[in-house]
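Note sheet for the following structure.
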């Protein structure tokens with residue numbers, strides 16, 4: 001995420017709600033990459049690749065995948081760049097302008113829905129998806145809120161969920177950086193939470209100097 005100034009905050013300094021920074025970025029910067037608040041397209045693509053590789057291309061191909069907090073559809077575009085053939089991609093985002101930007105990409109086998117995930121996650125099972133990916137979406141949520149979303153999503157898919165968040169065990173230089181509206185999460189707490197959902201858990205934090213952590217939770221091998 002970029003250090004974006006001028007975002008609305010609650011009394012504890014956190015965003016008034018998880019979508020507030022993105023609404024404000026979309027108004028100020030317009031729809032597209034800038035409104036995702038990612039630091040750069042390069043690091044965005046790296047995070048996507050880590051998630052794709054954690055799941056495994058063989059497990060993704062021919063499946064239905066939910067992308068929660070899809071922004072302008074960059075993950076769908078990255079999957080197509082890597083020639084990963086999905087049965088269906090469904091992107092969900094709470095910012096309508098981003099959903100419109102995603103639709104304008106004209107990606108094959110991709111559809112986009114505008115809804116607030118924290119209000120509608122209990123209904124994700126209606127898509128019949130095997131897989132779910134959450135990239136960047138948890139960065140403005142308190143850890144308890146993020147874990148509630150992950151659990152609801154895991155229960156809604158039949159295969160696996162893979163997600164990332166900002167780690168509290170990064171190198172010192174990263175930990176000292178101003179994150180703007182983003183929030184670091186307790187890595188050990190996340191692993192304990194994931195293992196309570198399933199013993200089939202994979203974890204990576206060997207990219208971006210420990211700044212970003214990624215977890216895969218599977219229903220089965």
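The values are calculated or read from the model by the stated rules, or taken from the named source; none is laboratory data. Fair warning: this is a prediction, and the values are worked out from it, not measured in the lab. Here the Cβ positions follow ideal geometry from the backbone for every residue, glycine too, while neighbour counts run over all protein chains shown.
Restricting the search to the range 176-221, which residues are farther than 21 Å from residue 129 by Cα, in a strand (DSSP E or B) and in contact (Cβ under 8 Å) with a residue 24 or more places away in the chain?
185, 204, 212, 213, listed by residue number.
Taking into account only those residues within the range 83-103 that are out of contact with any strand residue (DSSP E or B) (no Cβ under 7 Å at 6 or more places or on another chain) and at pLDDT 95 or above, which is surrounded by the fewest Cβ atoms within 10 Å (Cβ to Cβ)?
So, considering only residues that are out of contact with any strand residue (DSSP E or B) (no Cβ under 7 Å at 6 or more places or on another chain) and at pLDDT 95 or above, the one surrounded by the fewest Cβ atoms within 10 Å (Cβ to Cβ) is 83.
Which condition breaks for residue 128 when tested against (1) buried (at least 24 other Cβ atoms within 10 Å of the Cβ); (2) touching a residue at least 60 places away in the same chain (Cβ under 8 Å)?
Going through (1) buried (at least 24 other Cβ atoms within 10 Å of the Cβ); (2) touching a residue at least 60 places away in the same chain (Cβ under 8 Å) one by one, residue 128 breaks only (1).
Return only the number of the condition from (1) over 21 Å from residue 117 (Cβ atoms); (2) touching a strand residue (DSSP E or B) at 6+ places or on another chain (Cβ under 9 Å); (3) at pLDDT 95 or above; (4) not in a loop (DSSP other than H, G, I, E, B) that residue 169 does not satisfy.
Of everything listed in (1) over 21 Å from residue 117 (Cβ atoms); (2) touching a strand residue (DSSP E or B) at 6+ places or on another chain (Cβ under 9 Å); (3) at pLDDT 95 or above; (4) not in a loop (DSSP other than H, G, I, E, B), residue 169 misses just condition (4).
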